[in-house]
Amino acid sequence: MTQTLHDAVGGSPFFARLVHEFYERVWQDDVLRPMYPQDDRAGAEDRFRMFLEQYWGGSTAYSEQRGHPRLRMRHAPFPVDPDARERWLACMRGALDVVDPAPLHRAELDDYFERAATAMLNRNPLI
Ligand code: HEM
């Protein structure tokens, strides 16, 4: 059996650190921060960490607690335009620089986040 990326990068502690570093950056961003629950950063960290662990082959706690991800639908209330997408990705790249996974895993994670962030776009600033 091939190893999941979840296990290859170090399991739950890796994702906990990644998500923590990510939110450290989101909370410094004037455009992103107001979209997030101001008094529930810990809850937001938990939800994102559980989602990522599940996506990459770890625990299925996310779906047990939150149901089907339906991420595009869940993001509909938040104005994700190209600027927000780029800011979000900059926060994620900064977090990945800190947790520093092996190059092959970094490439896979970068590719996934780029595509997922594009899928979340829901505002066109030109109209
Ligand atoms: C939740 C913003 C991209 C995964 C949220 C929340 C905000 C947000 C404001 C609510 C926080 C909470 O209460 O949990 C954004 C913005 C994005 C973006 C501005 C820019 C592109 C992504 C991407 C992913 C993702 C690319 C997946 C790789 C999630 C998950 C949740 C979440 C799993 C929690 C959903 C739940 O309620 O169960 N996002 N997001 N987001 N986001 Fe994003």
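Which value, in Å² rounded to 10, gives the accessible area of Tyr55 with a 1.4 Å probe and all protein chains present?
110 Å²
Keeping the other protein chains in place, figure out the carbon and sulfur percent of the accessible area of region 5-119, with a 1.4 Å probe.
Working: 3240 of 6130 Å².
Of the solvent-accessible surface of region 5-119, carbon and sulfur hold 53 percent.
Summing +1 for each Lys or Arg and -1 for each Asp or Glu, what net charge is found among the other residues whose Cβ lies under 12 Å from the Cβ of Cys91?
Numbers: positive: Arg25, Arg33, Arg85, Arg87, Arg93; negative: Glu21, Glu24, Asp29, Glu86, Asp97.
Neighbourhood net charge equals 0.
Residue by residue, what Karplus-based ³J(HN,Hα) values in Hz, rounded to whole numbers, does region 54-62 have, using 6.51, -1.76 and 1.60 with θ = phi - 60° and x for Gly and Pro?
These are the phi-based 3J(HN,Hα) values: 5, 4, 8, x, x, 4, 9, 4, 4 Hz.
Using a 1.4 Å probe, what is the accessible area per residue for region 5-119, in Å²? Kindly include the intermediate steps, with their values, before the conclusion.
Numbers: 6130 Å² over 115 residues.
Spelled out: the 1.4 Å probe surface of region 5-119, per residue, equals 53 Å².
In whole Hz, what ³J(HN,Hα) sequence does region 118-126 give by Karplus (6.51, -1.76, 1.60; θ = phi - 60°), x for Gly and Pro?
Result, ordered by residue: 5, 5, 8, 4, 9, 9, 10, x, 8 Hz.
Taking Cα atoms, how many degrees apart are the long axis of helix 82-99 and the longest axis of the chain, rounded to 10 and kept between 0 and 90?
Helix 82-99 sits at roughly 30 degrees to that axis.
The values are calculated or read from the model by the stated rules, or taken from the named source; none is laboratory data. If you're wondering where the values come from, they're calculated on a predicted model, not measured in any experiment. Note: ideal-geometry Cβ built from the backbone for every residue, glycine included; neighbour counts use all protein chains shown. Only protein heavy atoms, including side chains, enter the accessible area calculation; ligands, DNA and RNA are left aside. Shrake-Rupley method; radii C 1.70, N 1.55, O 1.52, S 1.80 Å.
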